[in-house]
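Visitor: Once you've had a glance at the structure underneath, I'll fire off some questions.
Taken together, the values in this text are just the output of simple stated rules run on the coordinates, not laboratory data. For clarity, every value in this text was computed on a predicted model and none was experimentally measured.
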Amino acid sequence: MNKDRAEGKLKDVAGRVERQAGEWANDPNMQVKGAAKQAEGKVQNAWGKAKDATKSAADDATASKPPRRAPEDTDVEDSETKEARR
């Protein structure tokens, strides 16, 4: 979790509280400010999630293992077939 996700979540919660307080106090101005802060927090949180996903994908790409070899053919061949191929 990065800084943007933490701050975004904090703004989201603070905006919810402010919006709810505005509803209880019947103050439309406070409701609008709270809703705006809540939306700002959601956007910042989404931005942080995108940054985390990008970093994770980059880390996975650099730490990936080389491709595995295909398994050898495990069919049992009789000695005549082996001799015919040689």
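Visitor: Could you give P(r) for the stretch 3-59, binned at 5 Å from zero, as whole percent values over all Cα-Cα pairs?
Guide: 5, 25, 20, 16, 12, 9, 7, 4, 2, 1
Visitor: In addition: What are the ³J(HN,Hα) couplings of the stretch 26-39, residue after residue, when phi is run through the Karplus curve with 6.51, -1.76, 1.60 and θ = phi - 60°? Round to Hz, x for glycine and proline.
Guide: Going residue by residue, I get 6, 10, x, 5, 5, 4, 5, 4, x, 5, 5, 5, 5, 5 Hz, with x marking Gly and Pro.
Visitor: Asn2's amide H: which non-local residues (gap 5+, or another chain) put their own amide H closer than 5 Å, with H modeled 1.01 Å from N in plane and none for Pro or chain starts?
Guide: none
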